[in-house]
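Engineer: Once you've had a glance at the structure underneath, I'll fire off some questions.
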Amino acid sequence: MNGTIEAPTIEYALLAPMLVVFGAAIVGVLVEAFAPRYLRSAIHLPLTLLSLAGAFALAVWQALKGVPTKPAAMGAVAVDGPALFIWGTILVLAFVSVLLIKDEEHFVGSAAALPGSAEEEQSLVERAAHTEVYPLLLFAVGGMLLFPAANDLLVAFVALEVMSLPLYLLCGLARRRRLLSQEAAVKYFLLGAFSSAFFLYGTALLYGYAGSVDLAKINLALGSVGGQDTLLYIGAAMLGVGLLFKIGAAPFQAWKPDVYQGSPTPITALMASGTLVAAFGALLRVFWVGLGGLDWDWRPVFYGVAILTMVVGAILAITQTDIKRMLAYSSIAHGGFLLVGVIATGSAAQNTAALSGLLFYLVAYGFTTVGAFAVVTMVRDAGGEAWHLSRWAGLGKRSPLLAGTFAFFLLAFAGIPLTSGFFGKYAVFQAAVSGGALPLVIVGVVASAVAAFFYVRVIVLMFFSDPAADGPSVVLPSRGTAAVVGIAALATVVLGVFPQPLLDLAHSAAQSLFVR
Amino acid sequence: MELYVPILVLAVLAAGFAVFSVGIAPFTGPKRWNRAKLDAYECGIEPTPQPVGGGRFPLKYMITAMLFIVFDIEIIFLYPWAVAFDRLGVFGLVEMVLFIVTVLVAYAYVWRRRGLDWD
Amino acid sequence: MEPAEIIQHSGGAIGAAWLMIALPLVGAAILLLGGRRTDRFGHLLGVLMAVASFAVAALSFVQLLGLAPGERRRGIELYDFVPGLAKVGLLVDPLSISFCLLITGVGSLIHIYSIGYMAHDPNRRRFFAYLNLFVAAMLLLVLADNYVALFVGWEGVGLASYLLIGFWQHKPSAATAAKKAFIVNRVGDFGLLIGLFTIFATFHTLAFNDVFANASKASSGTLTAIGLLLLVGACGKSAQLPLQSWLLDAMEGPTPVSALIHAATMVTAGVYLIVRSGPIYQGAETAQLVVTIVGVATLLAGAIIGTAKDDIKKALAGSTMSQIGYMVLAAGIGPAGYAFAIAHLITHGFFKADMFLGAGSVMHAMNDEVDMRKYGALRKVMPVTFATFAIGYLAIIGFPLLSGYFTKDGIIETVMEHNAVLGWLAVLGAGITGFYMSRLVFMTFFGAKRWEPTAHPHESPAVMTWPLVILSVGAIGLGAFLVLGNRFMTFLAPAVGAPEEMPSFHPFSLTGLATLALVAVGAVFAWFRYGAAEVPAVAPRGSFLTTFARRDLYGDALNEALFMRPGQWLTRLAVFFDNRGVDGLVNGLAAGIGGTSGRLRRIQTGFVRSYALSIFLGAAILAGAWLVVGNL
Amino acid sequence: MTTHYLVLSALLFAIGGVGVLVRRNAIVVFMCVELMLNACNLAFVTFARQNGNLDGQLIAFFVMIVAAAEVVIGLAIIVTIFRTRRSASVDDASLLKY
């Protein structure tokens, strides 16, 4: 009972972007507590945007100052090149998504009020609003930042939950189609909790195997511990379940269409971009760093998962009649394309190529998908957003600019040259080919072709079908939405025409690979 | 062993007093009957008829219950800290203050949003 | 003489050649994104951008002239598009700079003219935005140093053309015409695209420099295939047979558009493509032969169509087809014809734009009436328009010493040396040109007044007439300037090569005299039919030939039979399958995928427990697979 | 000796997992998830003893906190949908499908 425990060193400067976001979230809660109702959103919006921008600036500053070569906070968090790149991506995408949230009344005024009840009427009359959306979103973004940087499995688990829990709530807050929204929240929550239990059990088994949850130590143990391979394999598989669930890889994809459809569209946009980026970052770190020595074992498994994911995503997208479900399946298929890059490991140079390809793809896809969902928010009829595809018929004749932009996003999803999507696929597939995964790339190309068929079908529907007489109207976008669509379209064009700067950036971020 | 003798004596005394008090009461006290004495004890409130199987309780208790769970379990971290706080030094203190402040923020939110109001 | 090497360049106006594209592009972006806020100065900004672009082009030209002839092919590297696969850069050489000067010069004049022409249109700003967009795309097309960027420009001008033809969307005919142009161009673009794929498959690159350097190593079969596919693209864009039908309908667009896009510049993109791809064609004689045949056929067809149209713009459109036919014909001959093809292209750009704008000026004065049978005797009312139009007219029929005389006769002479049959057909075409152009002029400016009672013709404002005057100056002198002393051929030689022996100019060769005689016969015949005689207000029924010509030689009927009907059958087939419940998929494979999809999506039951089951089973499979793989 | 605890933990995890699959009441489903988390805790504590370090015990604390947060959020969501639908059965919430 004597002697002091040495205080751990924590590199606050390195963690600053995350701390800023979490700090702003906590301040946001205080605003909710103490600010009068009419002032809340006026405070929240600048607070949220400023904190995201500030965190981004800090991340950039960190990257300029030099990328650290050792994990921070006693090995718990690794702020390395890829992590900084992913942080930047998530922060920008979150910033854009917030602009979308700000814009329209996507969120219910009083979540506790029964749909159609007098209580709800009352909340509408009072123009009540759940401004908690902003702090919740900041907490989720904070979790997204921590997840891909987590260098031990406990931190990863906590980050996973910090990221997911606010999202479960946000899913259930749609103003329109409350039943669908609540259903989405319940489904996402139950399945998310279920899958994170798998992740935790995997963590427990790996802890049993290696005696530590630190990724570097687990990797060291791979060579030295013998005779407990069953623990290791099952543990790795369980970890995989938790991570693949968040990505939406088959056979863990079932939640994605339902949740994407039911959630408020801005939240869907955030999930489809930010969460996917964060989850891929974490998957890469866990499997490349923690289980890097085991790649001969996990690669065939991921091989199968990638094929299944691409096929399921592309084929099921074809018969969708709901625009948001269609985009959800498209997101599943893109998850599959990205998994192709995860498998393309090998020499250090090969890893760098694969990683930089993945990073580029994530940025490109993130922007395009946020833009696509932003367009979805603008096409409305009496019941809210018009989700059914038949309602989109002839949109090109009524609002050619909007339909043209959406068509452009779809072409980017399909990977047509001169859009950002092309270079994403190109970079990832090229890395996969040089990594010896040619069959996988062939499946990928075929799946892209199948998916392209559906995207083109939507374009044809928009431009060459006659509009319905009582078709949906396109609301005049507010500045926020217009900015989102504009930014997304610009990013899609610029990355399609001038991909080199970002490819270079991704390459230099990937150069050092993940620290150990 | 010597160390525990006083405790043992105290325990015996306490137990003896309890047994003695309860045992002597029926013989010494007055015996006047009324309905209220036979009813179940509910803090002085008149008992309400309950459906079979316990029935359902109003949702308003749920929020209280949830708040209890959260704040109760957060405090788990105070125990390890309390045990080793002198060895953790200033760093431990600062971290714990940060932790408590964060919990207090949540508490403030609940309080301001009337989560603590009974009705 | 072989083309010169491309030299990497930086600095000076040529180094800033990208500005030529960027300036109008920025203009278009500002006008389109700025919305109504830019209404007040939109047209001025559009003009400014076009003129600025011209200034850059002119400075580049001057800088290029300052270099030794062998060093006049300057490559400008912009950036690596795909590392190791495609670099994007510009190629400033005598060929592309000629086009740049034409596009920005004539383009600027037409921008200025449009200020007056579109003065009362509420959407004038949008019009200028599209015009700027067009200029940028067209410049990209000609400045690109590789086929990818060329294709981007190619699609860009197609888009601008589509938007501008359909500019008056409220007119159903304009919307239909825009759609038609779009679809017919898709056929051409498809050919071009396959051609580009073939080039890439053969040479593993799409950069001009590398493709042309290796062209001689490819088999002539491959080169022929590539040449024919590129020709399909050229036919679509340049309205050559059999993809000509869209051009006549495209006259639904505002007249400045017809002048700029459908006369002076965009429709000549096909000629540019063929000339630029010279090294490919020179290894493929069959392809060259097909090019010349297409050219001759189109020049005759266009001329015949021109004779029968009463709509002044459609008559001019027929003439455009015909003149481009001449250029294609010359381009098909090889280095001997390239200089004349491009020279004619440039002079044609001037005199045809001049006449189109003149026609616009007439329409402007006549309440947008286009039927020439309702014109007549306008020369006194609109003296400036008449004078400039007459110069354009004399230039196109090849009146001695005017522009057309030098460039068109140059083509005819060259073709005659190459192949006498084609040559005489070209002479015949010139004769018909003399007839229909005279008919047009006599019906419009001479004879009796056949005006509608509401018409009060007047001369157009100065902002419209000055461009006419400038263009007509070009129509007078440019031909002589370019052709005499083989000035243009020498200038162009480093870019496209030149024949071993420079042609010498004979003022009164046999061919030249024959041409002049035929043209004179045509003009005199037209005078008696339309100048001296009464022109009926309603077109007489006419012979079978007239009907044939009026119906655009049944081009539409042919298209309908060749493309539309099969397309419709395909659609019906698809609908048939659709009705059979296979989700509107066209062929068996897709139907199979669709069916699979339809069945598979039932797995998504909506029950959260079945999703959990899939996760649970997935976890079991994953763990099982891991154990199996790990213990192998 | 610790093997027994590990087997118990695996059994609990499996019971929880199957419970999620077979029970209809959302609350019970959720309790099964919590059971899985507690199975993990048992495994952590056992491994901590086996490996002779305290990390596992520490992790158990964190897991409890996270589980508590999850309970609160889960109950909020479930109660909301229960109030709307007057049913806590997870099978009733199946509007989103195909």
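What follows draws every value from the coordinates through simple rules; no lab data is involved. Just so it is clear, the structure is predicted and the values come from calculations on it, not from any experiment. Note that we place each Cβ from the backbone using ideal geometry, even for glycine, and neighbour counts take in every protein chain shown.
Engineer: Cut-off under 17 Å on the C-alpha distance; same-chain residues fewer than 8 positions from C:LYS374 excluded. Which aspartates and glutamates are left, in chain and number order?
Structural biologist: Answer for C:LYS374, where 17 Å is the Cα cut-off: C:ASP310, C:ASP311, C:GLU452, C:GLU534, listed by chain and number.
Engineer: Find the centroid of the Cα atoms in segment A:243-271 and in segment C:275-297, then give the distance between the two in whole Å.
Structural biologist: 56 Å
Engineer: Also, quick follow-up: For segment A:291-516, with equal point scatterers placed on the C-alpha atoms only and solvent neglected, what are the log10 I(q)/I(0) values from the Debye formula at q = 0.09, 0.11, 0.14 1/Å, to two decimals?
Structural biologist: The Debye formula, applied to the Cα set alone, gives -0.39, -0.56, -0.85.
Engineer: In addition: With charges only on Cβ, +1 for K and R and -1 for D and E, what is the dipole size of chain A about its Cα centre, in debye, rounded to 20?
Structural biologist: Numbers: 26 positive and 26 negative charges, 143 e Å.
Here chain A has a charge dipole of around 680 debye.
Engineer: Hey, can you rank A:448-456, B:7-15, A:112-120 by average C-beta count inside 10 Å, highest first?
Structural biologist: Details: A:448-456: 19.9, B:7-15: 10.0, A:112-120: 14.3.
Descending packing order for the listed peptides: A:448-456, A:112-120, B:7-15.
Engineer: Report the FRET efficiency, 1/(1 + (r/R0)^6), for D:VAL28 and B:ALA84, where r is their Cβ-Cβ distance and R0 is 41 Å, rounded to 0.05.
Structural biologist: 0.55
Engineer: Under the classification rounded if a/c is under 1.5, otherwise prolate if a/b is larger than b/c and oblate if not, where does segment D:18-98 fall, given a ≥ b ≥ c as square roots of the Cα gyration tensor eigenvalues? It would help to have the intermediate numbers written out before the result.
Structural biologist: Details: a/c = 3.86, a/b = 2.47, b/c = 1.57.
It comes out prolate by the Cα gyration axes.
Engineer: Still on this structure, please answer the following. Inside 10 Å of the C-beta atoms of A:444-456, what's the mean count of C-beta atoms belonging to other chains?
Structural biologist: 1
Engineer: Neighbouring Cβ atoms within 10 Å as the yardstick, rank A:MET462, D:MET64 fewest first.
Structural biologist: Fewest-to-most ranking of A:MET462, D:MET64: D:MET64, A:MET462.
Engineer: Show which lysines lie in cross-link reach of A:LYS217 when reach means a straight Cα distance below 26 angstrom and same-chain residues fewer than eight apart are skipped.
Structural biologist: Qualifying lysines at Cα under 26 Å: A:LYS70, A:LYS246.
Engineer: Step through the table entries A:LYS397/C:LYS352; C:LYS87/C:LYS408; A:LYS324/A:LYS397; C:LYS180/C:LYS380; C:LYS179/C:LYS352, compare each Cα-Cα distance with 32 Å, and write down the pairs that go over it. Show your work: numbers first, answer last.
Structural biologist: Details: A:LYS397/C:LYS352 34 Å; C:LYS87/C:LYS408 38 Å; A:LYS324/A:LYS397 22 Å; C:LYS180/C:LYS380 39 Å; C:LYS179/C:LYS352 25 Å.
Correct reply: A:LYS397/C:LYS352; C:LYS87/C:LYS408; C:LYS180/C:LYS380.
Engineer: Next up: State, in angstrom, two size descriptors of segment C:1-43 derived from its alpha carbons: Rg to one decimal place and Dmax to the nearest whole number.
Structural biologist: Just the Cα atoms of segment C:1-43 yield Rg and Dmax of 17.3, 55 Å.
Engineer: Projected onto the charge dipole of the protein assembly as shown (+1 at Lys/Arg Cβ, -1 at Asp/Glu Cβ, origin at the Cα centre), which of C:SER319, A:ALA506, B:LEU10 gives the Cα projection farthest towards the positive end?
Structural biologist: Of C:SER319, A:ALA506, B:LEU10, it is C:SER319.
Engineer: How high is the relative contact order of chain C, in percent, with contacts defined as C-alpha pairs under 8 Å that are six or more residues apart?
Structural biologist: 13 percent
Engineer: Can you pull the mean other chain C-beta count within 10 Å for peptide A:162-175?
Structural biologist: Mean inter-chain Cβ contacts per residue within 10 Å come to 2.
Engineer: Report the local net charge at A:ILE247: Lys and Arg +1, Asp and Glu -1, summed over other residues whose C-beta lies under 14 Å from its C-beta.
Structural biologist: Numbers: positive: A:LYS246, A:LYS256, A:ARG285; negative: none.
Summing Lys and Arg as +1 and Asp and Glu as -1 gives +3.
Engineer: If you take the square roots of the eigenvalues of the alpha-carbon gyration tensor of segment C:394-441 and sort them as a ≥ b ≥ c, do you get rounded (a/c under 1.5), prolate (a/b over b/c) or oblate?
Structural biologist: Oblate, since a/c reaches 1.5 and b/c is not below a/b.
Engineer: Taking neighbour counts of Cβ atoms within 10 Å as a proxy for exposure, in what order, fewest first, do A:TRP288, C:TRP246, B:TRP81 appear?
Structural biologist: The fewest-first ordering by Cβ neighbours comes to B:TRP81, A:TRP288, C:TRP246.
Engineer: Next question, about the same structure. What percent does the relative contact order of segment A:233-289 come to when contacts are Cα pairs within less than 8 Å and at least six residues apart? Walk me through the numbers on the way to the answer.
Structural biologist: Details: 24 pairs, mean separation 20.9, N = 57.
That works out to 37 percent.
Engineer: Using only the alpha-carbon atoms, how far is helix A:133-149 inclined from the longest principal axis of chain A? Give it as 0 to 90 degrees, nearest 10.
Structural biologist: 30 degrees
Engineer: Using every alpha carbon pair in chain A, what percent of pairs falls into each 10 Å bin from 0 up to the bin containing the largest distance?
Structural biologist: Bins of 10 Å from zero give 4, 20, 31, 27, 13, 4, 1, 0, 0 percent of pairs.
Engineer: For the peptides A:121-131, A:297-307, what is the packing order when you average, over each peptide's residues, the other Cβ atoms within 10 Å and list the highest mean first?
Structural biologist: Sorting A:121-131, A:297-307 by mean packing, highest first, produces A:297-307, A:121-131.
Engineer: On average over all directions, what projected area in square nanometres does the protein assembly as shown have, based on the convex hull of its Cα atoms?
Structural biologist: Hull-based average projected area comes out at 64.4 nm².
Engineer: Just for the Cα atoms in segment A:11-288, what are the lengths along the principal axes, largest first, rounded to whole Å?
Structural biologist: The Cα atoms of segment A:11-288 stretch 67, 42, 26 Å along their principal axes.
Engineer: Same structure again: Please label the shape of chain C as rounded, prolate or oblate, based on the square roots a ≥ b ≥ c of the eigenvalues of the alpha-carbon gyration tensor (a/c under 1.5 means rounded; beyond that, a/b larger than b/c means prolate, else oblate).
Structural biologist: Numbers: a/c = 1.73, a/b = 1.43, b/c = 1.20.
It comes out prolate by the Cα gyration axes.
Engineer: Relative contact order for chain D using alpha-carbon pairs under 8 Å, separation at least 6, rounded to a whole percent?
Structural biologist: Working: 81 pairs, mean separation 27.9, N = 98.
This gives 28 percent for chain D.
Engineer: If you don't mind, another one. Can you put A:MET74, C:MET327, C:MET20 in order of Cβ neighbours within 10 angstrom, beginning with the fewest?
Structural biologist: The most exposed by this proxy come first: A:MET74, C:MET20, C:MET327.
Engineer: Enter the Cα centre distance for the pair segment A:75-97 and segment A:470-498, rounded to the nearest angstrom.
Structural biologist: Result: 24 Å between the Cα centres.
Engineer: If you don't mind, there's one more thing I want to ask. Can you spot the aspartates and glutamates whose alpha carbon is less than 17 Å from D:LYS97's alpha carbon? Ignore those fewer than 8 places along the same chain.
Structural biologist: Candidates past the 8-residue exclusion: A:GLU183, A:ASP258, A:ASP322.
Engineer: Treating the angle as unsigned and between 0 and 90°, give the value, to the nearest 10°, between the Cα long axis of helix A:323-343 and the longest Cα principal axis of chain A.
Structural biologist: Helix A:323-343 sits roughly 20 degrees off the main axis of chain A.
Engineer: How many Cβ atoms of partner chains, on average, are near each residue of A:253-260 if near means within 10 Å of its Cβ?
Structural biologist: That average works out to 5.
Engineer: Based on DSSP H runs of at least 4 residues, each adding -39500 (n - 2.57), what is the mean residue ellipticity at 222 nm of the protein assembly as shown after dividing by all its residues, to the nearest 500 deg cm²/dmol?
Structural biologist: Dividing the helical sum by the residues of the protein assembly as shown leaves -23500 deg cm²/dmol.
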